[in-house]
Amino acid sequence: MEFSSRARLRHARLAGDRREQYPHSLQFYLEPPMESISLVEFESFAVDRLKLLKVIENLGVSHVRGTDVYKAKLEAELRKLKFPYRALAEDDYEARRKDHISHFILRLAYCQSEDLRRWFLQQEMDLFRYRFNELTESLMQKFLEHVNLSFEAIGEDVKNELANELSTSTPGFTLAKVKEQMFYKVGLADAVDLFRARKVFIKDGFAYVPFKEIDVIVLNNYRTKLSKALALTARSLPSIQSDERLQPLLNHLSHSYVGPDYSVQKNTGKISLEQIDALSVKSFPLCMRQLHRALRDSHHLRHGGRMQYGLFLKGIGLTLEQALEFWKKEFIRGKVDADKFDKGYAYSIRHSYGKEGKRTDYTPYSCMKIIMSNPPSQGDYHGCPFRHSDPELLKQKLQSYKISPSGITQVLELVKGMHYQLACQKFFELTHDIDDIGFSLNHPNQYFTESQKLLNGGRELKKEFNNSGNFQQKNNSQESINSSSTPTSSNAKADTELEGLEAYFTED
């Protein structure tokens, strides 16, 4: 990605070359961006695309792809985040530019492990499928030519000659419909999936593909290219990891939470210690309910559990004094005496509230952080039960919570598909007896807040948060920024622009 020469970009704009840079609202992302970009824009673009991909993941499970509801919700999100949503010819240059740059930023962030690559590939494929199917036939043809996938359309004489075979080999096609539809002669290697599904007529090593099925071939081609590109980018990881500008940003993105900030909680002091047991049953997500039960049973949690649960309790409103009292009362019921607690454990609790050490006010863990980092080992209770529990043990736990057999099946299907946050959403719906949660669940404290709103009747207005979600950018302009104004990139240099990233996307 050569982020260089902003003057060159300005010249291109002045010369009226916008359409030349991005001739289509859709692309295969074969060429990295060729311009400078500020750190603020880098983060803003990346976070917006991440929000979009998370919405796509949620919609893909909640709705049937391609239905009117699915398309309406996805178009609304594309509009809101200012990404291309229709094949506009003239006036969506900025949206296309954002789409192009943000894809390559997330490609850097999500090439770092097999799980991340798989997730990124699936969501990008769904986004591409939606956009491609929204094109008109003429725009589809132009796009296919643009990406060198211009298949040969068979003539009327050939179509009439093969009409019977095309009708019987193509599901849903009568002879009349065959005459109306355009067919393409495609090499069998490009149409393997259609051949396996018995959806096309095969003759002399070629598949005769109706226009309405051409998206399957285009999507397979895109998947192959993007998979190869992700693997190629992964080879550049050593270079990325040594880049002090990028590594903190990219690590944060790949484990990123893009919702409200729960480090400052308006309910501070409003929850009493006596309420916690009841709240854990009614309004705690499964991960926190599991930690609370383990703490009550064994009167102790290891460091990972204390951090995950302690910050969650801080987020729902426990003051420092309440937290010290809560943990001390529980630990001294076990094998820790009061003196040992005061000398050891109390310090780490004060530290998490920003009262010791570097005075960092720690933020409660998001779902992505819990899922992607520090998996539990034997004797640990932290982590995400949907991600880290054995399916049979998870099933038993859900049964103990009186979840219906059909509900358990739905949850386990989502877990099997590695949709762990969506499994938690389903758990919320089942335990609160609602059909549609109405929001994307990304944080344990969000689960608690939404549960309390529902149980207490009425939904209050959500707290305002900036466009960059949990990145907490205070300066949202395109000015120079330094490391002190970018919490997630504390090692970043005070350069206004990122340059010289092209090597991460090219072969050695």
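The values are calculated or read from the model by the stated rules, or taken from the named source; none is laboratory data. These numbers were taken from a predicted model, which means no experiment stands behind them. A quick note on method: Cβ atoms are made from the backbone with ideal geometry, for glycine too, and the neighbour counts reach across all protein chains shown. When the accessible area is computed, the model is the full protein with side chains, heavy atoms only, and any ligands, DNA or RNA have been set aside. Shrake-Rupley method; radii C 1.70, N 1.55, O 1.52, S 1.80 Å.
I'm trying to understand the selection: among the residues of the range 63-79, which are closer than 16 Å to Gly438 by Cα and assigned to a loop (DSSP other than H, G, I, E, B)? Break it down stepwise before answering.
The first filter runs over the range 63-79 and keeps only residues closer than 16 Å to Gly438 by Cα, leaving 63, 69-70, 72-74, 76-77.
Answer for the range 63-79, where residues must be closer than 16 Å to Gly438 by Cα and assigned to a loop (DSSP other than H, G, I, E, B): just His63.
Where helices (runs of 4 or more DSSP H) fall wholly inside the range 168-245, the ranges with 1 or more residues that are farther than 26 Å from Leu121 by Cα, out of contact with any helix residue (DSSP H, G or I) (no Cβ under 9 Å at 6 or more places or on another chain) and open to solvent by 30 Å² or more (accessible area, probe 1.4 Å) are 175-180.
Please find, within the range 343-359, the residue that is most open to solvent (accessible area, probe 1.4 Å) out of those that are in contact with a helix residue (DSSP H, G or I) (Cβ under 8 Å, 6 or more places away or on another chain) and assigned to a helix (DSSP H, G or I). Full working, then the answer.
We begin by selecting, within the range 343-359, every residue in contact with a helix residue (DSSP H, G or I) (Cβ under 8 Å, 6 or more places away or on another chain); these are 345-346, 348-350, 352-353, 355-357.
Filter once more, so that each one left must be assigned to a helix (DSSP H, G or I): 345-346, 348-350, 352.
Working: Tyr345: 43, Ala346: 4, Ser348: 45, Ile349: 21, Arg350: 69, Ser352: 14 Å².
This residue is Arg350.
Counting only residues that are of a type outside the set (A, V, I, L, M) and open to solvent by less than 10 Å² (accessible area, probe 1.4 Å), how many does the range 281-312 have? Outline the logic, then answer.
So the first thing to find is which residues in the range 281-312 are of a type outside the set (A, V, I, L, M), and the list is 282-285, 287, 289-290, 292-293, 296-300, 302-306, 308-310, 312.
Filter once more, keeping what is open to solvent by less than 10 Å² (accessible area, probe 1.4 Å): 283-285, 292, 305, 308-309, 312.
Matching residues across the range 281-312 total 8.
Taking the range 374-400 on its own, how many of its residues are in a loop (DSSP other than H, G, I, E, B), without any contact (Cβ under 8 Å) to a residue 60 or more places away in the chain, surrounded by 12 or more Cβ atoms within 10 Å (Cβ to Cβ) and over 20 Å from the mean Cα position of the chain (by Cα)?
Filtering the range 374-400 for residues in a loop (DSSP other than H, G, I, E, B) gives 374-384, 389-390.
Then drop every residue that is not without any contact (Cβ under 8 Å) to a residue 60 or more places away in the chain, which leaves 375, 377-378, 389-390.
Now drop any that are not surrounded by 12 or more Cβ atoms within 10 Å (Cβ to Cβ), which leaves 375, 389.
Within this subset, residues satisfying the condition of being over 20 Å from the mean Cα position of the chain (by Cα) are 389.
Of the residues in the range 374-400, 1 are in a loop (DSSP other than H, G, I, E, B), without any contact (Cβ under 8 Å) to a residue 60 or more places away in the chain, surrounded by 12 or more Cβ atoms within 10 Å (Cβ to Cβ) and over 20 Å from the mean Cα position of the chain (by Cα).
Taking the range 401-419 as the range and being assigned to a helix (DSSP H, G or I), modelled with pLDDT under 95 and of a type in the set (A, V, I, L, M) as the test, the residues that pass are Leu414, Val415.
Determine whether the range 313-320 contains at least one residue that is more than 30 Å from Tyr420 (Cβ to Cβ) and surrounded by 14 or more Cβ atoms within 10 Å (Cβ to Cβ). The answer is yes; a qualifying residue exists.
Looking at the range 119-161, which of the residues that are of a type outside the set (Lys, Arg) and in contact with a strand residue (DSSP E or B) (Cβ under 7 Å, 6 or more places away or on another chain) is farthest from Asn220 (Cα to Cα)? Before the answer, list the steps.
Going residue by residue through the range 119-161, those that are of a type outside the set (Lys, Arg) are 119-128, 130, 132-141, 143-158, 160-161.
Narrowing the set further to residues that are in contact with a strand residue (DSSP E or B) (Cβ under 7 Å, 6 or more places away or on another chain) leaves 151-154.
On the way: Phe151: 15, Glu152: 18, Ala153: 20, Ile154: 22 Å.
Filtering the range 119-161 for residues that are of a type outside the set (Lys, Arg) and in contact with a strand residue (DSSP E or B) (Cβ under 7 Å, 6 or more places away or on another chain), the one farthest from Asn220 (Cα to Cα) comes out as Ile154.
Residues in the range 27-74 that are under 12 Å from the mean Cα position of the chain (by Cα) and among the acidic types (Asp, Glu) were compared, and the one that is surrounded by the fewest Cβ atoms within 10 Å (Cβ to Cβ) is Glu57. Taken over the range 200-222, the criterion of being closer than 19 Å to Glu134 by Cα and not aliphatic (A, V, I, L, M) is satisfied by Pro210, Phe211, Lys212, Glu213, Asp215, Asn220, Asn221, Tyr222.
Considering the conditions (1) assigned to a loop (DSSP other than H, G, I, E, B); (2) open to solvent by 10 Å² or more (accessible area, probe 1.4 Å); (3) over 24 Å from Tyr420 (Cβ atoms), Gln112 is excluded by exactly one of them, (3). Cβ-Cβ distances below 7 Å connect the following pairs, each with a first residue in the range 203-228 that is on the phi > 0 side of the Ramachandran plot, a second residue that is surrounded by fewer than 21 Cβ atoms within 10 Å (Cβ to Cβ), and a separation of six or more residues or different chains: Gly205/Leu188. Of all residues in the range 124-141, those satisfying the criterion of being of a type in the set (D, E, K, R), closer than 20 Å to Ala191 by Cα and open to solvent by 20 Å² or more (accessible area, probe 1.4 Å) are Arg129, Glu137. With respect to (1) open to solvent by 70 Å² or more (accessible area, probe 1.4 Å); (2) over 23 Å from Asn58 (Cβ atoms); (3) not charged (D, E, K, R), the lone exception for Gln410 is condition (2). Considering only residues in the range 254-270 that are over 22 Å from the mean Cα position of the chain (by Cα) and surrounded by fewer than 19 Cβ atoms within 10 Å (Cβ to Cβ), the one that is modelled with the lowest pLDDT turns out to be Val264. Within 19 Å of the chain's Cα centre (by Cα) and not in a helix (DSSP H, G or I) - does that describe any residue in the range 87-106? So far as the range 87-106 goes, no, none of its residues is within 19 Å of the chain's Cα centre (by Cα) and not in a helix (DSSP H, G or I).
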